[in-house]
1. For B:Leu202, B:Leu505, what's the largest-to-smallest order of accessible area, 1.4 Å probe?
2. Taking just the C-alpha trace of chain B, give me its Rg and Dmax in Å.
3. Across region B:427-436, in residue order, what do the Karplus-derived ³J(HN,Hα) couplings come to in whole Hz, using 6.51 cos²θ - 1.76 cosθ + 1.60 with θ = phi - 60° and x for Gly and Pro?
4. Counting pairs of alpha carbon atoms under 8 Å apart in space and at least six apart in sequence, what relative contact order in percent does region A:3-190 give?
5. On each of the three principal axes of the Cα atoms of region A:82-183, give max minus min coordinate, whole Å, ordered largest first.
6. What do the square roots of 5 times the Cα gyration tensor eigenvalues come to for region B:332-469, in whole Å, largest first, as semi-axes of the equivalent ellipsoid?
7. Please give the FRET efficiency for B:Lys347 paired with A:Lys96, using the beta carbon to beta carbon distance and R0 = 30 Å, rounded to the nearest 0.05.
8. By DSSP, what percent of the beta bridges with both residues in the protein assembly as shown are antiparallel, rounded to the nearest 5?
Amino acid sequence: MTKNCLLCGVGGQGTVLASKLIAFAAMEKGEQVRTSETIGMSQRGGCVVSHVRTGDNIQSPMLPKGSADVIIAFEPAEAVRNISYLKNDGVVIVNKKAVKPVTASLSGSDYDGREMLDYLKSVVKNLTVIDGDEICEKCGSPKVLNIALLAAAAKSGELGITVEELKSAIKKRIPQKFHDMNLKAVEIVTG
Amino acid sequence: MSVKFLMGNEAIALGAVHAGVNVVSGYPGTPSTEILETVAKNNDGSIYVEWSVNEKAALEVGAGAAYSGARSLVTMKQVGLNVASDPLMSLAYVGVKGGMVIVSADDPGPISSQTEQDTRHFARFSKLPVFDPSSPEEAYQMIQDAFEYSEKYSTPVLFRPTTRVCHGCASVEVADSYEKHIPEGFVKDTMRWVIFPRTSYLNHCKIEKRNPEMGDELSSYRFNFISGDKSASKGVVSHGISWAYTMEALGGNQCCKLMKISTPHPFPEKLALEFLQGLDEVVCIEELDPVIERELTYLCGKHNLNVKIHGKLDGYVQPAGENTVESVKNVLSGFLGIEAAENGAPKAPELPVRPPVLCAGCPHRASFYAVKQAAKGRKAVFCGDIGCYTLGNAQPLDMVDTCLCMGADVTIAQGIRRVEPDTLCFSFIGDSTFFASGITGVVNAVYNQTDITLIVLDNSTTAMTGHQPHPGTGVTMMGEVCQKVSIEKILKAIGLTSVETVDALDLKAGINAVKSAMDKKGVKAVIMKSPCIAVTKPAEQFKIDSEKCVNCKKCIRELGCPAIVLEDGKVKIEKSLCYGCGVCAQVCPCGAISR
Ligand SMILES: Cc1ncc(C[n+]2csc(CCOP(=O)(O)OP(=O)(O)O)c2C)c(N)n1
Ligand code: SF4
Ligand code: SF4
Ligand code: SF4
């Protein structure tokens, strides 16, 4: 079975590690994986996207529009920017907090993500909004945002990776000293 | 064999290692950089790996190694091949002994490059074979084939992946063991290794004879093939990542004849003729330039075939930019009458634009700000260059008036100064760029006595491409600690009017240094030194004291640090982003920002 997942956010938010974990978890199950990353200029605070496709017979590393089972968005506007990738009844996991571009601060614009979340609520049936800040606070590190979002995606049942498989990927692929805080993030989201 | 999850660039690197590569040289450039880094990571010590000072040096190091019978790999991005083109053109005549593969990664879009140039033209221009992989799996195999062909024909071979192959990852089957290649050593032979008009004429004759033969051999190469419905009257040709998009777009519906071209030069004419047989119409799905399309059009003329060839030349396929599964679907739906891609997302609210910016705490921000303050009210031009510091062009800094190619900041400034003698001409150059191609430009200015002020942005790394070491950093890709090449000493030795080094994060010192330099005659340099945040530890964060802050927003208006944001109309420092550079504290007129 093919599963398509798109991760999107702002350069520096940790999308790449998240896409790698999905890939490793799928490979553990003997599935074929193709991914595509944004590397280069955009990593300096621009828009970044990772495509992750698992299953047999996948040709393109980038998923076609309208085919994402899950979109994992690290930032509300980035979810909206990529919404055309979502399939009809696809799942969107979005972090609540907006990352303000410098251009917005300069122009005094009040972009705070609320309008984006309202739009998502109106068009996505299967939407989960995650309060990343709160979870990071509880786990004591801003670095667990990606795991929190992944956990929510796993919980939705549409990622092709179960919560248990995610936990096992964390234990195998992330250095031991970070296990506790990341597993705690998974617990908070799925517990 | 075992299955590994590899990025295209990692697959290329492992393929080269498994082909027994002995010497690897290159210069960083997106999307090629991870190839050399992966060889370095997988080096048991038997492979020599270096970041060269630029692509020309890298190619020449690789050539010398291949003259000596070693297998060599040279890596760069496509514009790097422009820099390396002088040795490339001659080396194509001279040839090699050990296998030599030159990877030049193209960047359709472009996503992180100055141009959308197509390395396949360089192959034709230099008369060299070129391999064009479609996936990490193919890249792993094909780079090994490239070494075989190179050695068989004693010629360097080009290898041209594109961004989506380089930065795509896949489960790749790789060998567990491989044979090492033992170089014979350099054997003196003037007729062979010294290029002369007479030998060049003879070599040119040989190449013209070889290439059609090689084209015939490549007609049965495993990655050049015909598939699909062989009795169809319509044909589709593709290459590289566009082949993957084409397969995805067609799905199970392969109602046309298909051809994949993985060696666009020498063109596999025999295979193409077989493909054209019985067809009425063909569409070429290519990225960058219509290389295959021109070859097929030429073949139809040469063999008097009545086949209509569509592609970029007749507007069937977009002339520039990346292909996608959707764009290919659209082309094919018109051509084959299959269902078009639908796009029914409801209208979204206006999205914030999000151009890349200098990181919070980037020393370049402070340097640009200091020069801007020093030159305030004066007629000045700021010539920029390529690197993270190109981002100094964004508001509110707005300190990059020109940017062309690596090293051009110094020399463009000289040209402007010759036309506008009443303008202060500044040029900004990064440390890696300085070593790669800045030094000759500085010598040019000193020799010709052109009045410019050079600002060296020394952040102790090649940041834009992912933080590679360079001659000024004192470490090599073999992990050795070596003597740092001093930019200050080089500039002094060239004989500049003045050379001063300041801490980039000290605004006052920077402003004073620039002010005292900019009106002097001749070439003056201010080296602004402070490490990139990626190669140093964060300092204690800064906070805004809301008692003292008068909300004048000067910190936002003048610096544009992404860590300083507006929250409900009030200025705030975002804790998760501040790197503690302290520049905002020096700008605040009320002393409201402190640790
Ligand atoms: C001929 C050529 N080779 C390589 C590149 C890729 N490239 C872009 S910026 C850069 C170097 C940037 O390093 P530096 O000058 O130290 O500036 P920084 O990014 O550290 O600010 C390189 C190698 C290029 N654009 N052109
Ligand atoms: S100290 Fe000020 S300028 Fe520097 S990173 Fe923090 S907020 Fe930005
Ligand atoms: S990576 Fe380094 S040089 Fe580049 S913008 Fe960030 S801090 Fe500046
Ligand atoms: S410059 Fe100082 S006073 Fe003005 S808004 Fe910034 S912190 Fe407040």
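1. Working: B:Leu202 75, B:Leu505 40 Å².
The ordering from most to least exposed comes out as B:Leu202, B:Leu505.
2. Computed over the Cα atoms of chain B, radius of gyration and Dmax are 27.0, 84 Å.
3. For region B:427-436, the Karplus curve yields 10, 10, 9, x, 5, 5, 5, 4, 5, 5 Hz.
4. Details: 367 pairs, mean separation 40.7, N = 188.
Result for region A:3-190 is 22 percent.
5. Sorted from largest, the Cα extents of region A:82-183 read 44, 34, 19 Å.
6. On the way: eigenvalues 287, 73, 59 Å².
So the equivalent ellipsoid measures 38, 19, 17 Å along its semi-axes.
7. Values: r = 23 Å, r/R0 = 0.76.
With a Förster radius of 30 Å, E is 0.85.
8. On the way: 34 of 103 bridges.
Within the protein assembly as shown, antiparallel bridges account for around 35 percent of the total.
The values are calculated or read from the model by the stated rules, or taken from the named source; none is laboratory data. In this text, all values refer to a predicted model and were calculated from it rather than measured experimentally. A quick note on method: Cβ atoms are made from the backbone with ideal geometry, for glycine too, and the neighbour counts reach across all protein chains shown. Protein only, heavy atoms only, side chains kept; ligands, DNA and RNA dropped before computing areas. Shrake-Rupley method; radii C 1.70, N 1.55, O 1.52, S 1.80 Å.
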